[in-house]
Amino acid sequence: MWRLLRQGAALILVAVAQVALAHPAPFSYLDLHLADSGASGTLVIHDFDAAHELGLAEPQALLAPSVASAHAGELTRLVDMRLSVRLDAELATLRWRPVEVLPEQQSLRFGFTIDRAGAPGHIEIDAALFPYDANHQTFINVYEAGRLERQAILNATDRRFEHYTGTAQGRLAVVRSFVALGVEHILVGPDHLLFLLGLLLLGGSLWRLATIVTAFTLGHSVTLSLAALGLVRVAPTLVEPAIALSIVVVGVDNLLVARRGTGPRGDSHDLRPWFAAAFGLIHGLGFAAVLREIGLPPGALGWSLAAFNVGAELGQLAVVTPAAGLLVAIRRYDVPWAERLALGGSVVVIAAGLYWFGQRVGFWG
């Protein structure tokens, strides 16, 4: 019995070894060197992958320089279609050099240059070099002035890579990208805006309303920074329902104030700035989830966080400023109508918050 088991295990090991020999580790390597005069790089691919694409039965035949040279044009055309490099959003033209054979690595190396005036600030690489193999990975190394600055691995499900250089152009690219991202996230995130608008429904002076918005910004900036840097981490399954509940709380507080008939509260009794700061901490965790999905540039964490916050603030101001001015004007000229608007608006705020809460805890889709 034991003899049969040992023989079976031996057969399995032999079969696994044969598979491993038939298909070596599915890797390719892309090195990108950035300089003031432009960019250059090398791409190393395994002979097995190249032979598969060429329809050759014997991969080792490509390790003969004459055979590799004969197929170099076809391989570079294929790679050119599956590899794109963008420098500052401009698609780069890769000028390929003659192929080199690396017999000890069973690989082929293709060098390339990119003509460009000045060092780029933002690099984007999209690569799906050998889609026939779902396990294939492309290892990327980015060098600046000869120093390794960034490494990454691309695969079939994660084929895009971004890098911001440590130059002035790189910092400017970070600011542009993340300011736009902050504005976009606020404008497409109605829950954050509805929370703020709910806080403003009871009116008050423009100074008071500005204080509320500033308190919200300070609150979300704190937790956004801590969470994005990995110092605080709360599951989205808790954060998203909590954001919805914060909206409900604001609407309920508005109704309680309206029921007492006290009208807009004086500064000493107005809890809205405190609500804005406290719940802003929760909303900041929601912002951080967006940044984690996108990924912060390791060499420009401070710049990217600051730029995202600036963008979020600009997005808020673009909506809140005209809304706050309109609410102040309505209350100044028609107080009863302003109070009805605050009452109806608060009911809408509560209903929306309850809907989002139910959706985010799975009560309904």
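The values are calculated or read from the model by the stated rules, or taken from the named source; none is laboratory data. Being a predicted model, the structure only gives us computed values, none of them experimental. Heads up, the Cβs are rebuilt from the backbone with ideal geometry, glycines too, and the neighbour counts pull from every protein chain shown. To get the accessible areas, we keep the full protein, side chains included, count just its heavy atoms, and leave off ligands, DNA and RNA. Shrake-Rupley method; radii C 1.70, N 1.55, O 1.52, S 1.80 Å.
For L206, the conditions (1) surrounded by 17 or more Cβ atoms within 10 Å (Cβ to Cβ); (2) within 30 Å of V335 (Cβ to Cβ); (3) aliphatic (A, V, I, L, M) all hold with the exception of (1).
The set of residues in region 119-147 that are crowded, with 18+ Cβ neighbours inside 10 Å and assigned to a loop (DSSP other than H, G, I, E, B) comprises A119, P120, G121, L129, F130, H136.
Taking region 148-193 on its own, how many of its residues are assigned to a helix (DSSP H, G or I) and either among the charged types (D, E, K, R) or open to solvent by 60 Å² or more (accessible area, probe 1.4 Å) (or both)? Steps first, answer last, please.
So in region 148-193, the residues assigned to a helix (DSSP H, G or I) come out as 168-187, 190-193.
Restricting the remaining residues to those that are either among the charged types (D, E, K, R) or open to solvent by 60 Å² or more (accessible area, probe 1.4 Å) (or both) gives 168-169, 171-172, 176, 184, 187, 190-191.
Looking only at that region, the number is 9.
From the list A276, A312, A306, the lone residue that is open to solvent by 10 Å² or more (accessible area, probe 1.4 Å) and hydrophobic (A, V, I, L, M, F, W, C) is A306. Within region 289-297, is even one residue part of a helix (DSSP H, G or I), modelled with pLDDT of 90 or more and closer than 22 Å to P236 by Cα? No, because not a single residue in region 289-297 is part of a helix (DSSP H, G or I), modelled with pLDDT of 90 or more and closer than 22 Å to P236 by Cα. For region 119-158, the candidate set comprises residues that are in contact with an Asp or Glu (Cβ under 6 Å, 6 or more places away or on another chain) and not small (G, A, S); within that set, the residue that is farthest from V85 (Cα to Cα) is F130. Here G353 qualifies as more than 12 Å from G203 (Cβ to Cβ), assigned to a helix (DSSP H, G or I) and touching a residue at least 12 places away in the same chain (Cβ under 8 Å). Might you let me know whether region 103-118 holds any residue that is at pLDDT below 95, under 26 Å from the mean Cα position of the chain (by Cα) and not in a loop (DSSP other than H, G, I, E, B)? There is no residue in region 103-118 that is at pLDDT below 95, under 26 Å from the mean Cα position of the chain (by Cα) and not in a loop (DSSP other than H, G, I, E, B).
Looking across L354, L343, one residue alone is under 32 Å from the mean Cα position of the chain (by Cα), closer than 24 Å to L245 by Cβ and of a type outside the set (F, W, Y). It is L354. Examine region 114-122 for a residue that is in contact with a helix residue (DSSP H, G or I) (Cβ under 7 Å, 6 or more places away or on another chain), in contact (Cβ under 8 Å) with a residue 60 or more places away in the chain and closer than 27 Å to Q60 by Cβ, and state whether such a residue exists. No, there is no match, as no residue in region 114-122 is in contact with a helix residue (DSSP H, G or I) (Cβ under 7 Å, 6 or more places away or on another chain), in contact (Cβ under 8 Å) with a residue 60 or more places away in the chain and closer than 27 Å to Q60 by Cβ.
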